[in-house]
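Report on the structure given below.
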Amino acid sequence: MRYSLFTLFFPLLLSACHSHIETKEPVDYVNTHIGNISHLLVPTFPTCHQPNSMLRMNPGRHEFVTDRMAGFPLNVPSHRQGDVLYLMPYCGDPEGLSPKTQYRYDQEESTPYHYSVFLDDYGITVDFAPGQRAALFTCKFEEIGERCIQLKTTGKGEIKGEKNSLSGYDTYKGTKHYFHLEFDKTPTSFIEKNIADTAVLCAQFGKELEQLGIRYGISYISVEQAKKNLNKEINDYNLQALAQTARAAWNKALGKINVEGSTEDEKITFYTALYRSHERMINISEDGKYYSGFDGKIHDDEGIPFWTDDWAWDTYHALHPLQIILNPKDHEAKLTSYIRMYEQSGWVPTFPCVFGDAHCMNGNHASVIFADALCKDIPFNVEKAFEGCRHTVLNETMIPWRRAPKTELDDFYHKNGWFPALAPGEKETVALVDDFEQREAVAVTQAASYDDWCIAQMANHLGKTDEYNFHIKRAFNYRNLFNSKTGFFHPKDKNGKFIEPFDYKFSGGIGSRAYYDENNAWTYIWNVHHNIADLINLFGGNKPFIEKLDQLFVEGMTTAKWRYYAVHPDATGNVGQYVMGNEPSFHIPYLYNYAGQPWKTQKRIRMLMESWFRNDLMGICGDEDGGGMSAFYVFSALGFYPVSAGMPYYTIGSPIFTKSSIKLDNGKTFTIIAKNNSRNNKYIQSARLNGKPYNKTYFSHKDILTGGTLELIMGNRPQKEWGTDNNAIPPSEGTKIKTK
């Protein structure tokens, strides 16, 4: 048989082409639709933006299965908190376009750097690519009719049209969101359709236009600054080029972690979680200046960018610790921003947003963020941070969701060491307490204890002995609510008596908010992040602690699911009474390491990741909260987790990947190798750190920064001798109050 050169070389050529096609970069593993259908409450969104950028775009719809969208916001100023300036393309009789027009949509394609969708009622394909403070849309028209672009504000605002541009502002929660927008074609006319405080302007382009380019810049300073931001980032209408720039930014951010040896779905889930871990905080400095919602003024950033949009109750657990590893320089600016917020407002915020402090949930966990950075040698003004945190916890009310000076409830706490609870049916006596959120008495006490511990760490660093002694004593206040007869943290009234009768699953109303927060007493057993050793001591040792922890994962709902979730809608991702779908639970599977049974952590953490974090539309089991839950998965998939933010240690779990490499800003690489790793081989048989035998169930932040390798030998049966010695246990504050 004779062979032509084509016959001989075509298979090689095909193989080479196939190899090229299969080569993926990190951003290619991101599936922005994971979690776009919620289990109960809020879904994830296919956010299109550059990492931690000021400008973000979510299509104006709720869940993936929603049949309508309201249009395309020019910006989403805060994760899950409002859209501004809706762009609304249209084709047809202009009389049919109104500010309330809704779109059916199809063929949605989404990546972090490019979004595309077909509006099937009007025959329009819309594409989007993001810059940092500017972006591009293109609209392709297929059907017959007048081509229109309508822009409307979501609040009180102003929109002006001139030549080929629109400019103005929208208002959200008192903050103006300025914009300057330009078309690549000049409209034939502008039509105002203002309704009440909503500004609406429609630009018409005739019936022949096939494609329209739209570029725009945003600003929190002025329209002029928005135009500067646009011209600085985008000087044409080349959407593909801008998308490639955004793609490169994402590959740089996501490429700091390289993973090998898992399924394709696991890589997709991992890099999607890492993508979501770069949605907040956001850098809102503009040419060296920034608008602060904390005093309503424009400031010079003095060379340190201003960052905001952070919900500390959600992010202190995992997102901030992850960003300390990946982006330490940016973290310095975030800490400086928190200090500026205190200086400008008089309080350290809890949920800083573009418009100021949203002040949600309970506790003031900025103190945790500061303490964690301090122990990991991230530089910031410790004196000023200490001043702000101490002033805030001693003078601001601890009442959940309230920003106000302290009340009689706070004076009671400062005197007695617990937040007083009300019995069921007992009338509220303090007007400031929210009817829905209520007092959250146990959660507030535990949060305050942790915050005091973190402030004590700053005081110790500064050599402030009296202040250290004051706060370290208060760091043990959680003890005041521990019921040794039941093994739960149990609310007390103002007379020091436990509230009775009491149901640890259902007492406290929706989300158990009279006593806990979003979760019931089973979750709050473990909410003593800074002192797991003392928690074990309260139980009377490892055995009863382990028994309670085991029971958590098998304790039933004792009622129909619909009844249970009617009371606890945040408690998604249940495994028994364990709640994977809410932040207070993240650290709990790792607590076996503290009681001498690390193999149970290895078993449980794998089961949780495999069950509740998947490459599908319901692949996240709770409110993702702008990176809070995703950062938990990033850590856990790598094989370790920061149980006690404020201590420079990570607790070892069971990695999904056979090899993970973290590229550090200092030029070094920290590598985790899991030999023989597989779905069944999830148990650590032995370990080596930098070539030396390693029997501890934790390692230090310094171990990461100095580079090196943690090598784990995995097997399909528990190795019940590894990591069980007393010196293997991760550090805690301890069982005795150590004053100086």
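For the stretch 339-350, enumerate the residues that are surrounded by 23 or more Cβ atoms within 10 Å (Cβ to Cβ) and among the hydrophobic types (A, V, I, L, M, F, W, C).
341, 348, listed by residue number.
As an exercise: evaluate residue 369 against (1) buried (at least 18 other Cβ atoms within 10 Å of the Cβ); (2) more than 18 Å from the chain's Cα centre (by Cα); (3) more than 24 Å from residue 513 (Cβ to Cβ) and give the number of the one condition it does not meet.
Single failed check for residue 369: (2).
For the stretch 376-409, how many residues meet the condition of being hydrophobic (A, V, I, L, M, F, W, C), buried (at least 20 other Cβ atoms within 10 Å of the Cβ), assigned to a helix (DSSP H, G or I) and touching a residue at least 40 places away in the same chain (Cβ under 8 Å)?
Selection size over the stretch 376-409: 4.
Find the strands (runs of 3 or more DSSP E) located wholly in the stretch 157-242 whose residues include 3 or more that are over 20 Å from residue 135 (Cα atoms), and list them.
Filter on the stretch 157-242 gives 189-192, 198-204.
Search the stretch 98-154 for residues being buried (at least 23 other Cβ atoms within 10 Å of the Cβ), touching a helix residue (DSSP H, G or I) at 6+ places or on another chain (Cβ under 6 Å) and not hydrophobic (A, V, I, L, M, F, W, C), and hand back the single one that is nearest to residue 168 (Cα to Cα).
Here the answer is 133.
Report whether or not residue 437 is assigned to a loop (DSSP other than H, G, I, E, B), within 20 Å of residue 365 (Cβ to Cβ) and at pLDDT 95 or above.
Against the criterion (assigned to a loop (DSSP other than H, G, I, E, B), within 20 Å of residue 365 (Cβ to Cβ) and at pLDDT 95 or above), residue 437 qualifies.
Can you work out which of the residues in the stretch 457-502 that are of a type in the set (A, V, I, L, M) and touching a Pro at 6+ places or on another chain (Cβ under 9 Å) is surrounded by the most Cβ atoms within 10 Å (Cβ to Cβ)? Give the derivation first.
Initial filter on the stretch 457-502 (of a type in the set (A, V, I, L, M)): 458-459, 462, 472, 475, 481, 499.
If we keep only those that are touching a Pro at 6+ places or on another chain (Cβ under 9 Å) as well, we get 481, 499.
On the way: 481: 23, 499: 20.
If we take residues in the stretch 457-502 being of a type in the set (A, V, I, L, M) and touching a Pro at 6+ places or on another chain (Cβ under 9 Å), then 481 is surrounded by the most Cβ atoms within 10 Å (Cβ to Cβ).
Just wondering, is there one or more residues in the stretch 597-616 that are touching a residue at least 12 places away in the same chain (Cβ under 8 Å), assigned to a loop (DSSP other than H, G, I, E, B) and surrounded by 21 or more Cβ atoms within 10 Å (Cβ to Cβ)?
yes
Give me the helices (runs of 4 or more DSSP H) completely within the stretch 285-370, filtered to those with at least 3 residues that are out of contact with any helix residue (DSSP H, G or I) (no Cβ under 7 Å at 6 or more places or on another chain), ordered by residue number.
It comes to 328-345.
Residues in the stretch 281-338 that are over 22 Å from residue 384 (Cβ atoms), acidic (Asp, Glu) and surrounded by 21 or more Cβ atoms within 10 Å (Cβ to Cβ): how many?
Residues that pass the stated criteria total 2.
The rows are residues; the columns are (1) without any contact (Cβ under 8 Å) to a residue 24 or more places away in the chain; (2) under 29 Å from residue 285 (Cα atoms); (3) over 33 Å from the mean Cα position of the chain (by Cα); (4) not assigned by TED's automatic domain parsing to the domain that holds residue 355.
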residue	(1), (2), (3), (4)
169	no, yes, no, yes
173	no, yes, no, yes
189	yes, no, yes, yes
194	yes, no, yes, yes
207	no, no, yes, yes
216	no, yes, no, yes
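What residue, among those in the stretch 269-327 that are among the polar types (S, T, N, Q) and more than 15 Å from the chain's Cα centre (by Cα), is nearest to residue 647 (Cα to Cα)?
In the first step, residues of the stretch 269-327 are kept if they are among the polar types (S, T, N, Q); the result is 269, 272, 277, 283, 285, 292, 308, 315, 323, 327.
Imposing the further condition that a residue be more than 15 Å from the chain's Cα centre (by Cα) reduces the set to 269, 283, 285, 292, 327.
Numbers: 269: 28, 283: 27, 285: 31, 292: 31, 327: 18 Å.
Filtering the stretch 269-327 for residues that are among the polar types (S, T, N, Q) and more than 15 Å from the chain's Cα centre (by Cα), the one nearest to residue 647 (Cα to Cα) comes out as 327.
The values are calculated or read from the model by the stated rules, or taken from the named source; none is laboratory data. Since we're looking at a predicted model, the values are computed, not measured. Glycine gets a Cβ as well: all are built from the backbone with ideal geometry, and neighbour counts include every protein chain shown.
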